[in-house]
Structures are given as structure tokens and as C-alpha cells.
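Right, one structure below, let's go through it.
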Amino acid sequence: MANTLSRATGDTAIGEGDEVVITEMEHHSNIVPWQLLTERKGATLRWFGLTEDGRLDLSNIDELITERTKVVSLTRVSNMLGTINPVAEIAARAHAVGAIVVVDASQAAPQLPIDVTASGADLLVFTGHKVVGPTGIGVLWGRSEVLGALPPFHGGGEMIETVTMARSTYAGIPHKFEAGTPPIIEAIGLGAAVDYLDHIGMDVIHAHEQAITGYALEGLASVPGVRVLGPLDAASRGGAISFELDGVHPHDIAQVLDSRGVAVRAGHHCAKPAHARFGVRASTRMSSYLYTTPTEIDALIEGLHYTRSYFKVG
Ligand SMILES: Cc1ncc(COP(=O)(O)O)c(C=O)c1O
């Protein structure tokens, strides 16, 4: 069993008066840990706001990312708005002031080819279940000098070089971050998932994603009362499309679609601040992937027309 050490990753680098910069479109998993850390260290959390069409508002980048900034952490692709963010541009500013850039690639890794070394990231993470892999496991990539400088954040078996009753020394990267018996089954499953996507080709998957997203956006535009949250052009977004349908609650939409065999998600999609930005508590989200066909998108659009007539809106 691994014991959590009080010194979490990054703690050593962040102190009172320092700042961490995130964005208003983050998944809660890229908001809450920074809130916990900055509260504990007396540091300040700041964030990029969003434009009306669901992009990052970079107009105040030089005021947000300053000499006080220690970490800039942002998503490459929003799991709610679909927006693909200009990470390299933001990273250039972050690096100019000596900050570390953390990229959440959970929504990007399944959809886009990612060249980690050119991405601008110092640390890049993604979760397994979004790359057709298992839950409870993910990937952390980091530049070796960054990983090398970070202290272990879990103590336990497997992460040590040697242990005496007085003190311990730690294994090199990546082992110093992998305390305890690893999730072996999940790791094998994640490896198989990555091989599967690699075999199909991320370029092929990306092209399919763009085509099906464009088709879905056209279809959604044909339904009166639909408001897409996020960019309306397929080229600057991924295939997760959150929307509202005027006069119908997001969960009602999901239920009617479900009764017709169309699976969507309703709720806040772990992005409450982004919903608040657009004045809504929840939305309905369709998510396409490599297996989604135009016929399935047609079923969604027909289902939305049916939903309008069922609830007698319009
Ligand atoms: C963009 C994004 N980041 C982070 C996560 C968190 O993943 P997990 O809960 O597996 O850690 C998700 C989850 O689906 C996500 O969509």
C-alpha cells in the first residue's frame, strides 16, 4: 500500500505570493487540485476567461502570466466546449517568465496526433478511459529535467533505491512516482488501447473526427432552438459538442434521445465554471469518436426534432 506524503508534487516549487494560472474551461480535475494547493501554500489561483464563442480570451495574457507565475495548467481540448486551445502560444509566454506548463490532454489524446516535445508542455497528462482504455489509470509525460527535480509524492514499495530505519533513497524516474503494487491489469489494457489507436493511425482518427464533427454541427444548426456551446467551425474544435435546446431541460433531451437509442450525456460534464460562464447549469453533450457514423448523427438530429415536437416547443 502506498502512503501519501505531505509534500505533494509541485509543493516545493510553489510558495506564498506565487501564482498558478488555469482557464475557465478546465475539467474539475484541473481546477480543484490547484485550489487545494494554492490554499495550502498561500499562493493565488488565476485564470483565463472565455470569449462568447467558447475560446480562451487571451487579451490579458501579459497581465495574467507574470514573474509571479509558477505554473500554467490548461487543457489542450475542452471536454465541454470542444475548443482546441493554442497551447504552444500560451506556453511561450509561460516559459518567458520561467513558469512550468502542464497540459491536460485527456480530451486531445484520443483525437489528435500530439508531438509532446513540440507541444510546449513540460508535463502532459491524459486519462486512460478516453483513449478506449480502462478507468483508474492514465499517462504522465514530462521533460526529464522536470520529472527529475520533482520529489516523490507517494511513498511505498517499488519506488525506493534503498530503505533503512533512519532514511530512504528513491529510484529514478519513472519508478519514484509509482509507489506500491501497480494496477497491472489496467496498465496492460491501456497499452493495448494505445497500440490499437496507433495501428489505426491518429491522423486517420483526426480526419474522421473533423469530418463527423462538421457533419454534426451542420445537423445541429438545422434544429430550431439549438444553441451550441463552443466554436461552430469543426477545424478549431473536437467532437464533443455540448448544446442547449430552447425550452427543454438537458436531462429531458437525454431521456427522449435514450428512448430512441441515441446515447448522449446530460449534466455539467465536470465543467461547472464553463457552464456558469454561459449562464447555464447543465447541457446535453454528444460525443463522436472513431466509430461514429453519419447515420448515427442523423438519428441524433431526428431525435432532436422529435424532442421538440414531444415537448411542443417552438
Ligand atoms: C478534459 C478532461 N480532463 C480530465 C479528466 C479526468 O479524468 P479522470 O477522472 O479519469 O482522472 C477528464 C475526464 O473525463 C477530462 O475529460
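A few notes on this one:
- Filtered residue count, region 245-272, keeping only those that are under 15 Å from L81 (Cα atoms) and over 21 Å from the mean Cα position of the chain (by Cα): 0
- Here region 139-151 is the region considered, the condition is being assigned to a loop (DSSP other than H, G, I, E, B) and within 15 Å of V102 (Cα to Cα), and the residue that is farthest from the ligand (Cβ to nearest atom) is R143.
- For A207, the criteria (1) assigned by TED's automatic domain parsing to the domain that holds N79; (2) without any contact (Cβ under 8 Å) to a residue 12 or more places away in the chain hold in every case but one, which is (1).
- When region 281-301 is filtered for residues that are within 20 Å of the chain's Cα centre (by Cα) and under 23 Å from G225 (Cβ atoms), the ones remaining, listed by number, are R281, A282, S283, T284, R285, M286, S287, S288.
- Near pairs, Cβ below 8 angstrom, 6+ apart or cross-chain, from region 54-68 (farther than 25 Å from L81 by Cα) to any residue that is acidic (D, E): T66/E19; R68/D18; R68/E19
- Hits in region 115-138 (condition: more than 11 Å from the ligand (Cβ to nearest atom) and without any contact (Cβ under 8 Å) to a residue 60 or more places away in the chain): D115, V116, T117, A118, S119, G120, A121, D122, L123, L124
- Of the residues making up region 92-134, those that are in a helix (DSSP H, G or I) and under 16 Å from K70 (Cβ atoms) are R93, A94, H95, A96.
- The listed residue being in contact (Cβ under 8 Å) with a residue 24 or more places away in the chain, more than 14 Å from the ligand (Cβ to nearest atom) and surrounded by 24 or more Cβ atoms within 10 Å (Cβ to Cβ), out of A92, A99: A99
- Top-ranked residue of region 138-152 - restricted to ones that are over 17 Å from H27 (Cβ atoms) and touching a helix residue (DSSP H, G or I) at 6+ places or on another chain (Cβ under 7 Å), ranked as surrounded by the most Cβ atoms within 10 Å (Cβ to Cβ): P152
- Residue in region 161-183 that is under 24 Å from the mean Cα position of the chain (by Cα), part of a helix (DSSP H, G or I) and either surrounded by 13 or more Cβ atoms within 10 Å (Cβ to Cβ) or not assigned by TED's automatic domain parsing to the domain that holds R55 (or both) present: yes
- L81 falls short on exactly one of the conditions (1) within 14 Å of the ligand (Cβ to nearest atom); (2) outside any loop (DSSP other than H, G, I, E, B), and that condition is (2).
- The C-beta contact set for region 168-196 (first residue on the phi < 0 side of the Ramachandran plot, second residue assigned to a helix (DSSP H, G or I) and among the polar types (S, T, N, Q), distance under 8 angstrom, 6+ apart or interchain) comprises I173/S144.
- Flag for T117 being surrounded by fewer than 24 Cβ atoms within 10 Å (Cβ to Cβ) and either outside the structural domain of R265 (by TED's automatic domain parsing) or within 21 Å of A240 (Cβ to Cβ) (or both): yes
- Scope region 66-78; condition among the hydroxyl-bearing types (S, T, Y), outside any loop (DSSP other than H, G, I, E, B) and more than 28 Å from R285 (Cβ to Cβ); matching residues: T69
- Only one of the listed residues (T4, T9) is within 23 Å of F177 (Cα to Cα), within 16 Å of the ligand (Cβ to nearest atom) and modelled with pLDDT under 95. That residue is T9.
- Matching residues in region 22-53 - criterion: being within 15 Å of the ligand (Cβ to nearest atom), part of a loop (DSSP other than H, G, I, E, B) and either free of Cβ contacts under 8 Å to residues at least 60 places away in the same chain or more than 21 Å from A235 (Cα to Cα) (or both): E24, H27, I31
The values are calculated or read from the model by the stated rules, or taken from the named source; none is laboratory data. It should be emphasised that the depicted structure is a prediction, and the values quoted were computed from it without experimental measurement. Virtual Cβ from ideal backbone geometry, glycine too; neighbours counted across all protein chains shown.
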